[in-house]
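Enquirer: For reference, the structure I am asking about is given below.
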Amino acid sequence: MSDQSEGIVEKVWDIFSSMKTGLALLGIVALVSGIGTLIPQEAMDPQKAQSVSAIWRMLGFTHLYSSVWFRLILGLLCVNLIVCSIQRFGGIYNQTYKPKLPSASSTVPQKIQAKITGKEDQLQQAALETFKSEGYRLTSDEQENHWSFVAQKYRWGNWGSFITHISFIVLVVGALVGSMTGFKGYFSAGAGDTLSIKDIELNRGTVTENFKIQINSVEDRMLANGERDNWYTDLSIIESGKEVARQTLSVNHPFTYQGITFYQANFAQGGKFTVDLKGQKIPIVLQNQGGNYYQVPGTDLFVILSALKPDTNQPVILYQVYKGNSPQPVKMGQMSKGQTDAIENTFNLTFDGLAGYTGLQVKKDPGVSVVWIGSALLMLGLILSFYLRPVTISGIIEKDEEATLIFGALSGKLKSRAEEEFEKINNKLKAKIG
């Protein structure tokens, strides 16, 4: 039973240590991601996503990147990269810190090779001085019948591809952490509105926090030349009835609180009103062109702002009042700032002036810091791979009546670089020995 279990483990290990498995998984991820760019995603366009065929929605293609099966594919890719990295670690470590010295002339690299004859001690001294002057790290060993060495330059470059593989693992883990523990949503509100973070419209994830968001003011600021400056939202965080944080955010200048970031997404004109219901004065903000509505408490009357003239000095609005599910308004009218209309003998509506209506995207992504670490590792791996390519030259002096230094360079992927370095070393050695 134990041998059978070990056999299964070995087979699984062989599968995940295979480069073919990794390429297959990468191909699947690329194919599925390509499909995801063609099918509308709920996080980007909820309305279009709902128009997609039910079978595609059931399979999760309208919320592709948060689907269980897509996360499973990424997880399998991570396992493949981890297993491959574990297998490669020992070889890279030995190549960097414990290079294998030639034991005979036949074990010296053959493709790029040279021979120099001379006195044994002269050859050995010339090799030591030349490699040291060129910045090589020399590892040598003296035996009864030979002296051998390995000279390394930019040996840290050996770790470039390994670190690049690790960076992909970190990036995938960061993406999974963000998609599984974070959330993304949106809300729109007018100046003076207060709502719970749990009430925002979510595209993905779940909100576990419990605080309120208060919109103090919303502005569409213009420059003196008439061009738009920016949209600004003055926002407060309320916990246990107290303001614990406050900041003005704008486009490209988000606000972050407890890992939750608020982004200025859009702006709409609106109006401030006061509903006087049997002596109870209720301040409300309505968005232009019926962007929202207000239901008067205890009634089936709904108020919308159908149009406005956004004149700072003399704003004018058009409003409509609907009753129940009726498609036709029971009351409509025009008001200037400060004007009051009586509605259905039930309440009075006063127009108090213009008010901005802000649209904010809300996002929590605990995996961002992990993704940044992965990105830094990726850059480090690429720098090591492309700008610090290692050069390894090994050789041997076989002790005989006439000593001969036989040395060669590992060609690697960039043979021209190795040939250039080797030629420089060869010329210096010849010049020293004469």
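Enquirer: Using Cα centres only, tell me the gap between the stretch 146-195 and the stretch 54-99 in whole Å.
Expert: Between the Cα centre of the stretch 146-195 and that of the stretch 54-99, the gap is 13 Å.
Enquirer: Hey, another quick one. For the stretch 299-434, give the share of DSSP beta bridges that are antiparallel, in percent and rounded to the nearest 5; count only bridges with both residues there. Don't jump to the answer; show the numbers that get you there.
Expert: On the way: 24 of 24 bridges.
Antiparallel: roughly 100 percent of the beta bridges in the stretch 299-434.
Enquirer: How large is ³J(HN,Hα), in whole Hz, for each residue of the stretch 276-290 in order, when computed from phi with the Karplus curve 6.51 cos²θ - 1.76 cosθ + 1.60 and θ = phi - 60°, using x for Gly and Pro?
Expert: 9, 10, 6, x, 8, 9, 10, x, 9, 10, 10, 7, 4, 6, x
Enquirer: Of Lys337/Lys363; Lys11/Lys100; Lys242/Lys364; Lys278/Lys337, which pairs sit farther than 28 Å apart, going by alpha carbon to alpha carbon? Mind dumping the intermediate values first?
Expert: Numbers: Lys337/Lys363 37 Å; Lys11/Lys100 31 Å; Lys242/Lys364 23 Å; Lys278/Lys337 22 Å.
Correct reply: Lys337/Lys363; Lys11/Lys100.
Enquirer: Here is a follow-up. Of the cross-linked pairs Lys212/Lys272; Lys115/Lys153; Lys281/Lys323; Lys20/Lys153; Lys212/Lys309, which ones have a Cα-Cα span greater than 27 Å in the structure shown?
Expert: Working: Lys212/Lys272 21 Å; Lys115/Lys153 21 Å; Lys281/Lys323 21 Å; Lys20/Lys153 32 Å; Lys212/Lys309 32 Å.
Distance filter (> 27 Å) returns Lys20/Lys153; Lys212/Lys309.
Enquirer: Per DSSP helix of 4 or more residues, -39500 (n - 2.57); summed, then divided by the residues of the chain. What does that give at 222 nm, rounded to the nearest 500?
Expert: On the way: 9 runs with 150 residues, N = 434.
Helix-only estimate at 222 nm: -11500 deg cm²/dmol.
Enquirer: Please give the FRET efficiency for Leu38 paired with Asp121, using the beta carbon to beta carbon distance and R0 = 56 Å, rounded to the nearest 0.05. List each step's numbers first, then the result.
Expert: On the way: r = 72 Å, r/R0 = 1.29.
Plugging the Cβ-Cβ distance into 1/(1 + (r/R0)^6) gives 0.20.
Enquirer: Another question about this same structure. Under 16 Å Cα to Cα from Lys399, which aspartates and glutamates show up? Leave out anything in the same chain fewer than 8 places away.
Expert: Glu120, Asp121, Asp141, Glu142, Glu144
Enquirer: Of (1) 265; (2) 192; (3) 159, which one was derived for volume of the Cα convex hull per residue in Å³ from the structure shown?
Expert: Read-out taken from this structure: (1).
Enquirer: Something else: Counting only protein heavy atoms, what percent of the accessible surface of the chain is carbon or sulfur at a 1.4 Å probe?
Expert: Values: 13140 of 24230 Å².
Of all accessible area on the chain, carbon and sulfur atoms account for 54 percent.
Enquirer: Need the C-alpha centroid separation for the stretch 294-373 versus the stretch 237-258, integer Å.
Expert: Measuring centre to centre over Cα atoms gives 24 Å.
Enquirer: By per-residue mean of other Cβ atoms within 10 Å, what is the highest-first order of 59-70, 387-398? Before the final figure, lay out each step's value.
Expert: Numbers: 59-70: 16.7, 387-398: 20.8.
Sorting 59-70, 387-398 by mean packing, highest first, produces 387-398, 59-70.
Enquirer: Can you tell me the accessible area per residue over the chain, all protein chains present, probe 1.4 angstrom, in square angstrom? Before the final figure, lay out the partial values.
Expert: Numbers: 24230 Å² over 434 residues.
Accessible surface, normalised per residue, equals 56 Å².
Enquirer: On to the next question. Taking the chain as the reference, fit the longest principal axis to its C-alpha atoms, fit the long axis of helix 368-387 to the helix C-alpha atoms, and give the angle between the two in degrees, 0 to 90, nearest 10.
Expert: Roughly 30 degrees between the two axes.
The values are calculated or read from the model by the stated rules, or taken from the named source; none is laboratory data. Model, not experiment: these values are computed from the prediction. Note that each Cβ is placed from the backbone with ideal geometry, even for glycine, and that neighbours are counted across all protein chains shown. Heavy atoms of the whole protein, side chains included, go into the accessibility calculation; ligands, DNA and RNA do not. Shrake-Rupley method; radii C 1.70, N 1.55, O 1.52, S 1.80 Å.
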